[in-house]
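S.K.: I have a structure here, written as structure tokens, and I will follow up with some questions on it.
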Amino acid sequence: MIMKSNVSIIIPLFNEEDNVLPLAESINNALNEFAHPWEVIFVNDGSSDSTRKRLEEAVKLLGNHASIV
């Protein structure tokens, strides 16, 4: 379950399997020390590649800061 957040980042993705994990790592590095609660909402816009699988890996990396819709 995602915590109540002061900062929400919503990212639509379509066939971005190669970019998902680098993006998640960059977000994690940038916000890990952020003093306020934050969340990332990944929106999979019907990708036909492995974007969904990579998003699931990204959610594991970001923990309770991330979700997929």
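The values are calculated or read from the model by the stated rules, or taken from the named source; none is laboratory data. This is a predicted model, so every value here is computed, not measured. Neighbour counts are summed over all protein chains in view; Cβ atoms, including those assigned to glycine, are modelled from backbone coordinates with ideal geometry. We work out accessible area using only protein heavy atoms, side chains counted, and drop any ligands, DNA or RNA first. Shrake-Rupley method; radii C 1.70, N 1.55, O 1.52, S 1.80 Å.
S.K.: What are the ³J(HN,Hα) couplings of region 13-23, residue after residue, when phi is run through the Karplus curve with 6.51, -1.76, 1.60 and θ = phi - 60°? Round to Hz, x for glycine and proline.
M.R.: Rounded to whole hertz, the list is 9, 9, 6, 10, 3, 6, 9, 4, 5, x, 5.
S.K.: Hey, another quick one. So what is the relative contact order of the chain, in percent, for Cα pairs below 8 Å that sit 6 or more residues apart?
M.R.: Details: 112 pairs, mean separation 31.2, N = 69.
Computed value for the chain: 45 percent relative contact order.
S.K.: Could you state the angle between the C-alpha long axis of helix 51-62 and the longest principal axis of the C-alpha atoms of the chain, as a value from 0 to 90 degrees rounded to the nearest 10?
M.R.: With rounding to tens, the tilt is 20 degrees.
S.K.: Using the beta-carbon distance between residue 35 and residue 60 and R0 = 22 Å, what value does 1/(1 + (r/R0)^6) give for FRET efficiency, to the nearest 0.05?
M.R.: On the way: r = 24 Å, r/R0 = 1.10.
Step by step, r from the Cβ atoms, then E = 0.35.
S.K.: Using only protein heavy atoms and a 1.4 Å probe, report how much of residue 47 is accessible, in Å² to the nearest 10.
M.R.: Accessible surface of residue 47 is approximately 30 Å².
S.K.: So which trypsin sites (Lys or Arg not before Pro) in the chain are both in a DSSP loop and have at most 16 other Cβ atoms within 10 Å of their Cβ? Before the final figure, lay out each step's value.
M.R.: Values: sites: 4, 52, 53, 54, 60; in loops: 4.
Hits after loop and neighbour filter: 4.
S.K.: I'd like the per residue volume of the convex hull spanned by the Cα atoms of region 1-66, given in cubic angstrom.
M.R.: Dividing the Cα hull volume of region 1-66 by its residue count gives 71 Å³.
S.K.: Still on this structure: How much area per residue is accessible in the chain when the probe is 1.4 Å and only protein heavy atoms are counted (Å²)? Provide the component values of the computation, followed by the final result.
M.R.: Numbers: 4320 Å² over 69 residues.
Result: 63 Å² of accessible area for each residue.
S.K.: On the accessible surface of the chain, probed at 1.4 Å, how many percent belong to carbon and sulfur atoms? Numbers along the way, then the final one.
M.R.: On the way: 2220 of 4320 Å².
Roughly 51 percent of what the probe reaches on the chain is carbon or sulfur.
S.K.: A follow-up question, please. What residue among 42, 34, 14 has the largest mean-square fluctuation in a Gaussian network model of the chain, using Cα springs under 10 Å?
M.R.: Most flexible of the set in this elastic network: 34.
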